[in-house]
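Trainee: Quick one: the structure is below, and I'll ask about it shortly.
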Amino acid sequence: MAGRADDWQLVQRVQGGDKTAFDVLVLKYQHKIVKLVMRYVQDPSESQDVAQEAFIKAYKALPNFRGESAFYTWLYRIAINTAKNYLVARKRRPLDYDVDLQDPTQYEMQARVSEVATPEGHALGEEVREVVVEAVEKLPEDLRMAIILREIEGMSYEEIAQAMDCPVGTVRSRIFRAREAIDSRLRPLLD
Amino acid sequence: MRQFWLMCFCLAISHPGGLRAEDASRGWMERMATAVDSSNYQGAYIRMHEDEMETLEIFHRVDDSGEVTVRLVSLDGAGREIVSDSEGVKCYMPDKKSVLVERADPNAPLRSHIGRFSGQFSSNYRVVDCDQCKSSDGRMGQDAESCERCMPGKNAEQRMLSMDTVMLAITPVDDYRYGYRLWLDRASAFPIKTQVLNEKGEVIEQVRFTRLIIGKTVAASSVQSAIDTSDYEWVYSEQKHMPETDTSRWRAAVLPPGFMLTRVSHDGDEPEAKSDEHLVFSDGMASVSVFVEQGENPGVKLGLSRLGGANAYSAHKGGYYVTAMGEVPPAAVEMIARHMEPLEGPQLPATSE
Amino acid sequence: MSDSVNKQLSSCLDGELPLEEAAMLMKRLGRDSRSRAALTRYILMGEVMRDGLVPGLLNGNFAQRVSEEISSEEFPPSGRSSWRGKVQKLVAGAGVAAAVAAVALVSLQTAIVDPDQTGLSGQGNVETISYTVPEPPDRLNSYLVRHGTQAAMARNSSWTRVVTDEASDAAERSQGVPEIDDVAPEPEAVNAKKVTP
């Protein structure tokens, strides 16, 4: 989980007029937001449209974002409201969610997407998944621990350095080498 | 109406009426206990509590005769180790240049006891397999999200270490015990990640494996300490284990609901003589050890000591020092320690003289 | 593409890139599609590890579509404070065409930003706490070892507390009570709170 300083600095860039900073936020959260929307909308293609609308709404509302909550928490609520409104507009009964979560980033649930409903990219997605998982498994222990602590536990470099009893520079290097090792297998698949 | 429907659903999967789901979850618990006690495994894990984290290695070896040897190594700080085998437990402390030795108790339980006390466990905890927590139309989401027993963000964890995991949420029925969230490897039922939750549902301790090999033979050399102890002091526990007996000289006048005495061992040469005691109480999941020692303060700090996901409470009671320790909230150890009393002789007041 | 650039991308993704390196990297991202592709793959790896991958997003069109939509939007609305103008000038010189160029800006200091806008002002000073450390309680270690021996379910966790010297930490946090004041509450006064399943 990226600390607030990461996203907050990006948000400040956007508020300053830098639209490409918003592109970064989209890249970072597109999977989470599309998954979230799919819990309501179901259809993958429609979900992407609704998620796109949520991001655009967030962009337009960013001048009003004061940073009192995490950016993703704020974006999460916008996405839910956008999905509900979409269902109402399509005269579909919205699922009666009334979840008041203190930290919705901790409450993400993965939508069980049926294979029939998501032909596009499904096969490639499985391949990507297999390649990454296998590559992580084959990493040397110190690289694997570092990348797991970063990507899954969301720990900062400093926290990882403490956990692994090594300098921050070593953590930076290990995470980079782990990514490079995984990328060597992933890149041929996506190029 | 929606709240009523949700409550009915949750009751159905947790009440005796939802027995099938409960049985399945307890089955996972029993398989987990077997995996932890009886499998060969080795790995590295991180323990997090408060704002601290430590990295450890564990080697768990079961030889052909079934004898278990365990070696725990701290990869931080002074590099302490514990090695447990048929002879006993040795705690190597390079920071103190000493080895603490506890001789083996032939009557000590070899296996976790969830199965034996399953009735007791069911009375004190609710277990939910979060994969089963679905709405009636098969979709996950609202119910799992709203169900306070289910783990938020669990799906992010289901591919930990490239293992497919089952997630169990264990909810206590009152505030005298902690809750747990367990991520078990679906193939072996080994706990990849464990969280301990307090009465507010906050995670107070987490253990998570970052490397784990299950089922492969563990080399005998891996369970031997490599520390050079040539200039170490060896400290032997005074405890001499007597035959298992249920004739404790002490009793708990008040216990938290659901706890019962499960083990007693005495110190000293003669069972009939006054001696120190070690009693164990359990609610089917959590255990509380009570140590009763006569004479001078054995070196305990009176009052509460917090040990991450465990607590200890020591009290002085008429010439005895009583310490209750276990993976339970402070209120539980405090209640037990304060209400221990001897069976014979004048009853000691709760206040020390 | 050099290792040093990829290493910067990796650090940028984690919000750990120094400011002086971020500016250069941002310029590169503005003109180098391979850098953008590498960053996109790094993000993808993380999503797979967190089991958050949406296969339909692999073609990369989603982010592009959003970018195209917002490119026609005016931002920010009028009436903002002048410091934003300064930031816009800084950013304009960096070449704002790339989809991911500004990821490097994650590491930028907040000095150029009006602190009143950040919500980060008023974090306050860190309170220094001093306390007396009592003698290390070896007895607790002994109890922990014996507890682990007798309570099989607690074995690994109890012994973990010994090797991580939890007992010494506990001594620092311990709430000792004077012996003469050790008064137990009446049993009737202790009520367990029932949690309705």
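Trainee: Taking the alpha-carbon centroid of each part, what is the distance from the range A:15-67 to the range A:150-191 in angstrom?
Mentor: Computed from Cα coordinates, the inter-centre distance equals 27 Å.
Trainee: How long are the semi-axes of the equivalent ellipsoid of the range A:138-191, taking √(5λ) for every eigenvalue λ of the Cα gyration tensor, in whole Å from largest down? Kindly include the intermediate steps, with their values, before the conclusion.
Mentor: Details: eigenvalues 97, 21, 16 Å².
Output for the range A:138-191: semi-axes of 22, 10, 9 Å.
Trainee: Going by how many other beta carbons lie within 10 Å of each one, how would you line up A:V168, B:V99, fewest first?
Mentor: Numbers: A:V168 15, B:V99 20.
Lowest to highest Cβ neighbour count: A:V168, B:V99.
Trainee: Continuing with this model, one more query. Modelled label-to-label distance, B:R251 and A:E130, 7 Å Cα→beta-carbon offset: nm?
Mentor: Calculated label separation equals 6.6 nm.
Trainee: Rank the residues C:R31, B:R181 as a footprinting-exposure proxy: fewest other Cβ atoms within 10 Å of their Cβ go first. Intermediate values should be presented prior to the final figure.
Mentor: Working: C:R31 12, B:R181 24.
Ordered by Cβ neighbours within 10 Å, fewest first: C:R31, B:R181.
Trainee: Now a separate question. If you take the beta carbon distance between B:L343 and A:L189 as r and set R0 to 60 Å, what does 1/(1 + (r/R0)^6) give as a FRET efficiency, to the nearest 0.05? List each step's numbers first, then the result.
Mentor: Details: r = 72 Å, r/R0 = 1.20.
After rounding to 0.05, the efficiency reads 0.25.
Trainee: Once you have the Cα-Cα distance between B:K200 and B:Y236, take 0.36 nm times their residue separation minus that, and quote the gain in nm to one decimal. It would help to have the intermediate numbers written out before the result.
Mentor: Details: separation 36, 0.36 × 36 = 12.96 nm, distance 4.05 nm.
Between B:K200 and B:Y236, full extension yields an extra 8.9 nm.
Trainee: Report the FRET efficiency, 1/(1 + (r/R0)^6), for B:A24 and B:M260, where r is their Cβ-Cβ distance and R0 is 30 Å, rounded to 0.05.
Mentor: Details: r = 26 Å, r/R0 = 0.86.
About 0.70, to the nearest 0.05.
Trainee: In the structure shown, do any of A:K19/A:K84; B:K90/B:K301; A:K35/A:K57; A:K32/A:K84 have a Cα-Cα gap over 22 Å, and if so which? Please list the in-between numbers first.
Mentor: Working: A:K19/A:K84 27 Å; B:K90/B:K301 24 Å; A:K35/A:K57 18 Å; A:K32/A:K84 17 Å.
Pairs exceeding the cut-off: A:K19/A:K84; B:K90/B:K301.
Trainee: In nm, to one decimal, how far is the C:R65 label point from the A:Q42 one, both placed 7 Å along Cα→Cβ?
Mentor: 2.0 nm
Trainee: Can you tell me the convex hull volume per residue for the range B:174-242, based on C-alpha atoms, in Å³ to the nearest whole number?
Mentor: Numbers: hull volume 17.4 nm³, N = 69.
Enclosed volume per residue, from the Cα hull, is 252 Å³.
Trainee: When a footprinting reagent is the concern and you count Cβ atoms within 10 Å, what order do B:W183, A:W74 take, fewest first? Walk me through the numbers before you get to the answer.
Mentor: Values: B:W183 25, A:W74 21.
Listing B:W183, A:W74 from fewest to most nearby Cβ atoms yields A:W74, B:W183.
Trainee: Across the residues of A:143-150, average count of Cβ atoms on other protein chains within 10 Å? Could you put the intermediate results ahead of the total?
Mentor: Details: counts 0, 4, 5, 1, 3, 8, 4, 6.
Per residue, the average neighbour count from other chains is 4.
Trainee: Which whole number gives the average count of other chain Cβ atoms within 10 Å of the Cβ atoms across peptide A:28-40?
Mentor: Numbers: counts 8, 2, 8, 14, 5, 2, 5, 6, 1, 0, 3, 5, 1.
What the average comes to for A:28-40 is 5.
Trainee: Right, next: Summarise the partner chain shielding of B:307-320 as one whole number: the mean count of Cβ atoms from other chains within 10 Å of each residue's Cβ.
Mentor: Numbers: counts 13, 7, 5, 8, 1, 9, 2, 8, 4, 5, 3, 0, 0, 0.
Other-chain Cβ atoms within 10 Å of each residue's Cβ, averaged: 5.
Trainee: Now for a separate question. For A:E141 and A:K57, FRET efficiency with R0 = 51 Å and r from the beta-carbon atoms, rounded to 0.05? Could the numbers behind the result be given before it?
Mentor: On the way: r = 44 Å, r/R0 = 0.87.
Efficiency at R0 = 51 Å is approximately 0.70.
Laboratory data are not the source of any read-out in this text; all were calculated from the coordinates shown. These numbers were taken from a predicted model, which means no experiment stands behind them. Cβ: placed from backbone, ideal geometry, glycine included. Neighbour counts: every protein chain shown.
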